[in-house]
Amino acid sequence: MRYTIPDGVYPTMLTPYTNDNQVDYDGLAELVEWYIGQGVAGLFAVCQSSEMQHLTLAERTGIARFVKEGSRGRVTVIASGHISEDINDQIDELKAMQDTGVDAVVMISSRIVRKDEDDEAWKRNAERILTEIPAVPLGVYECPSPYHRLMSPELLKWCAETGRFVFLKDTCCNIDQLRAKCKAVEGTSFKIYNAHAASLLESLKIGCAGFSGIMANFHPNLYVWLTENWERFPDKAEMLQNFLGLASLAEGQKYNINAKYHLQLEEVPVELYSRTRDYMEFGLPDRMIMEQMNRFTRGFIDKWLDS
């Protein structure tokens with residue numbers, strides 16, 4: 001059986017926390033509704049933006065199950081969350097994630113093998129995973145942790161030929177590499193979703209299926225518009241792409257606290273707490289930047305995209 005998932009935008013979901021450092025499921029429910037209301041095609045739960053390395057296995061599977069149930073079939077839900085070094089432990093984590101009922105389980109490219117191992121070793125371990133975790137679609141995420149392992153076009157072609165892989169979150173940030181990757185999986189059900197905001201429009205032109213990146217936590221509706229309308233309205237698409245590329249500088253400005261503050265401006269009831277950085281670092285100048293981005297985003301929609 002060959003699997004597939006919809007084209008479009010897959011935000012890399014944040015994890016809200018309470019003031020006593022527990023997962024805030026009330027906030028998570030509101031966040032799921034906000035993403036869906038923005039028109040996204042799917043949700044990528046339990047990823048690096050979710051702070052998966054700082055969540056227990058019970059928290060990772062609990063979040064994935066909650067998001068899947070809360071989505072009520074309205075969008076596709078995919079999830080990762082295998083963070084162990086040993087492949088046997090990773091398989092146990094991936095099985096636990098499969099049991100949550102998510103639509104696809106995403107493998108971390110740099111967890112499957114060590115940095116010094118080649119693509120053949122990656123295939124061998126991936127084949128074990130395919131055998132141990134049958135009957136569920138799989139994805140790959142080029143997560144920069146524990147090291148940044150990019151998938152070669154040849155390895156992607158092998159993945160596509162298995163019929164099991166449906167999703168790649170690509171983080172190469174290189175349009176020439178993306179072109180080769182798209183060519184390698186052309187005509188298959190294995191789809192590539194670009195994480196690099198500045199190259200999104202160009203990547204859609206060469207065959208990428210959509211966007212799955214940090215900036216979909218700020219204004220996913222703009223990414224939805226671009227992925228759905230770039231062919232019909234090329235001039236507006238170019239203008240929007242210019243803004244999205246510039247706005248993506250926010251990725252380096254105290255993320256993920258800044259994203260949670262931006263969500264507060266969108267009236268999503270999440271707190272600024274994080275397990276990866278101190279929210280007190282996020283000061284008045286940082287808030288002003290997010291407030292300006294939020295106002296400009298709203299104006300962009302009203303004055304340009306809806307006109």
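Please treat every number below as a calculation from the coordinates, not as lab data. Please read all numbers here as calculations on a predicted model, not as lab measurements. Note that we place each Cβ from the backbone using ideal geometry, even for glycine, and neighbour counts take in every protein chain shown.
Distance from the C-alpha centroid of the stretch 4-64 to that of the stretch 91-132: 21 Å, rounded to the whole angstrom. Using a/c under 1.5 as the rounded threshold, could you call the stretch 78-230 rounded, prolate or oblate? The axes a ≥ b ≥ c are square roots of the C-alpha gyration tensor eigenvalues, and prolate needs a/b larger than b/c, oblate otherwise. Prolate, since a/c reaches 1.5 and a/b exceeds b/c.
The lysines within cross-link reach of residue 303, meaning a Cα-to-Cα straight distance under 18 Å and a gap of 8 or more places when in the same chain, are 236. Distance between the 7 Å Cα→Cβ label points at residue 176 and residue 235: 3.3 nm. Antiparallel beta bridges, as assigned by DSSP with both residues in the stretch 16-169, represent about 5 percent of the total such bridges.
Subtract the Cα-Cα distance of residue 33 and residue 74 from 0.36 nm times their separation in residues, and report this length gain in nm to one decimal.
Stretched out fully, the residue 33 to residue 74 stretch lengthens by 13.7 nm.
The residue list 148, 108, 182 was ranked by how far each Cα lies along the charge dipole of the chain toward its positive end, using unit charges on Cβ atoms, and 182 comes out on top. Sorting the segments 187-195, 288-296, 133-141, 211-219 by their residues' average number of neighbouring beta-carbon atoms within 10 angstrom, most packed first, yields 211-219, 187-195, 133-141, 288-296. Residues whose amide H lies under 5 Å from that of residue 8, counting only those 5 or more places away or on a different chain, are 210, 211; hydrogens are built 1.01 Å from N in the peptide plane.
Across the stretch 70-76, rounded Karplus estimates of 3J(HN,Hα) from the backbone phi angles (6.51 cos²θ - 1.76 cosθ + 1.60, θ = phi - 60°) give x, 6, 6, x, 6, 9, 7 Hz, Gly and Pro being marked x. Per residue, the average separation of C-alpha pairs within less than 8 Å and at least 6 apart gives the chain a relative contact order of 20 percent.
Label separation (residue 135 vs residue 292): 5.5 nm, computed from points 7 Å beyond Cα along the C-beta direction. Of all lysines in the structure, those lying under 17 Å Cα to Cα from residue 95, and not within fewer than 8 positions of it along the same chain, are 68. Taking 7 Å steps out from each Cα toward its Cβ at residue 284 and residue 124 produces label points 6.0 nm apart. Bridge orientation summary for the chain: considering DSSP beta bridges with both residues in this region, about 5 percent are antiparallel. Using R0 = 45 Å, the C-beta based FRET efficiency linking residue 275 and residue 161 works out to 0.70.
Amide H contacts for residue 165 (H built 1.01 Å from N in the peptide plane; partners 5 or more residues away or on another chain; cut-off under 5 Å): 138.
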